[in-house]
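Taking it in order: structure first as structure tokens, then the write-up.
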Amino acid sequence: MNTKIVFMGTPDFSVPVLKMLIENYNVVGVVTQPDKPVGRSGKMNISPIKQVALDNNIKLFQPVKIKLDYDDILKLEPDVIVTCAYGQIVPQAILDYPKYGCINVHASLLPYHRGGAPIHRAIMEGDLKTGITIMYMDIGMDSGDIIAQKEIDILDSDTAESLFDKLSFLGASFLKEVLPTIIDGTSKRKKQDTKLVTYAYNIKPEDEIIDFNKTKREVFNQVRGLNSWPVAYTYLDGKRLKVWECVISDEEDLKNEPGAITNIYKKGIGVKVQDGEIILTVIQPEGKKKMLASDYLNGINDKKSLLNKRLG
């Protein structure tokens, strides 16, 4: 199709959406976040979306503040602008320009989980469903009118990483289905119910710390919701212990204090929580690689010495 599209996005999550657009439309420009230095070396890291643009010889824009630097984007005369996890508030001048509007692909069932961490928060808060919302953008944060939604179940086996992958590809296939209706004027739009709005704010350092005073389901959801980034953690003997995976134990009536190591199992380390026990199965001791908790235990001669040690 000759419809001219400008795409705005940054992380891996956005890549399938951009690739779908390149295969089916005339993508005349890509907007992504500026390169950032990484690690002690300060080597500049480019976004996954920038790499796709370079690979396909598409005009690239990386404004530090898009609200102050957008004239060159509008000179491309896009018919529609598609955003997906771009990372900056888009100014009204851009929102008002395309004849078919500015469209956002958001990884939640709006109005639930507006904001930058909808996938993490959906798992951490124990949601049973999530999905993709395709919406018209406005000046607010994910507050525009809904065009279409598609939902999927959140399984106990899901982590933030697996759900990222599922929703990323769902976003691309769903946009491929919906975008033609936006262009031909047959799509519908529905205002969000402001009474149902919740927010999925970006993950903060304090969100990563495991609170063993919570229930086993809450701890289980936190660990899954932070896998594989940034990863939940606690402390053992004063050293940070990342917890990549855990399972819920059947133990309920334990007298130990929350955080106390209660049992040593073949598959992992039992820890007291509010309503029983959680079993840590994949961990990463400070300064070491991620490992099975069973392998960690095999390296300890006196495993009983761990019992009643307290995490946190």
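Yes/no matrix, rows are residues, columns are (1) in the same structural domain as residue 161 (by TED's automatic domain parsing); (2) among the basic types (Lys, Arg); (3) surrounded by 15 or more Cβ atoms within 10 Å (Cβ to Cβ):
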{"site": "186", "(1), (2), (3)": "yes, no, no"}
{"site": "192", "(1), (2), (3)": "yes, no, yes"}
{"site": "209", "(1), (2), (3)": "no, no, no"}
{"site": "219", "(1), (2), (3)": "no, no, yes"}
{"site": "223", "(1), (2), (3)": "no, no, yes"}
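Which ones in segment 254-312 are among the polar types (S, T, N, Q), crowded, with 17+ Cβ neighbours inside 10 Å and within 27 Å of residue 229 (Cα to Cα)?
281, 284
Looking only at segment 294-312, count every residue that is part of a loop (DSSP other than H, G, I, E, B) and either within 16 Å of residue 243 (Cα to Cα) or within 34 Å of the chain's Cα centre (by Cα) (or both) and tell me the total.
3
Can you name the residue in segment 225-237 that is at pLDDT 95 or above and of a type in the set (Gly, Ala, Ser) and is also surrounded by the fewest Cβ atoms within 10 Å (Cβ to Cβ) among such residues?
Of everything passing the filter in segment 225-237, 232 is surrounded by the fewest Cβ atoms within 10 Å (Cβ to Cβ).
Restricting attention to segment 84-108, which residues are β-branched (Val, Ile, Thr), surrounded by fewer than 24 Cβ atoms within 10 Å (Cβ to Cβ) and either touching a strand residue (DSSP E or B) at 6+ places or on another chain (Cβ under 9 Å) or not assigned by TED's automatic domain parsing to the domain that holds residue 128 (or both)?
Once the filter is applied, which keeps residues that are β-branched (Val, Ile, Thr), surrounded by fewer than 24 Cβ atoms within 10 Å (Cβ to Cβ) and either touching a strand residue (DSSP E or B) at 6+ places or on another chain (Cβ under 9 Å) or not assigned by TED's automatic domain parsing to the domain that holds residue 128 (or both), segment 84-108 yields 90, 94, 103.
Identify the single condition in (1) modelled with pLDDT of 95 or more; (2) in contact with a Pro (Cβ under 9 Å, 6 or more places away or on another chain); (3) not acidic (Asp, Glu) that residue 92 does not satisfy, given that it satisfies every other one.
Here residue 92 meets the rest and fails (2).
I need every pair where a residue in segment 12-30 that is of a type in the set (Gly, Ala, Ser) has its Cβ under 6 Å from the Cβ of a residue that is assigned to a helix (DSSP H, G or I) and crowded, with 18+ Cβ neighbours inside 10 Å, sequence separation at least 6 or different chains.
Close Cβ pairs satisfying both conditions: 14/49.
Looking only at residues in segment 238-256 that are part of a loop (DSSP other than H, G, I, E, B) and at pLDDT 95 or above, which one is farthest from residue 281 (Cα to Cα)?
238
Out of segment 150-200, which residues are assigned to a helix (DSSP H, G or I) and of a type in the set (Phe, Trp, Tyr)?
164, 169, 174
For segment 1-96, give me every one of the helices (runs of 4 or more DSSP H) that falls completely inside it and has 1 or more residues that are under 23 Å from residue 183 (Cα atoms), of a type outside the set (Gly, Ala, Ser) and more than 22 Å from the chain's Cα centre (by Cα).
15-24, 71-74, 92-95
The values are calculated or read from the model by the stated rules, or taken from the named source; none is laboratory data. Everything numeric here is computed off the predicted structure, so don't read it as measured data. Note that each Cβ is placed from the backbone with ideal geometry, even for glycine, and that neighbours are counted across all protein chains shown.
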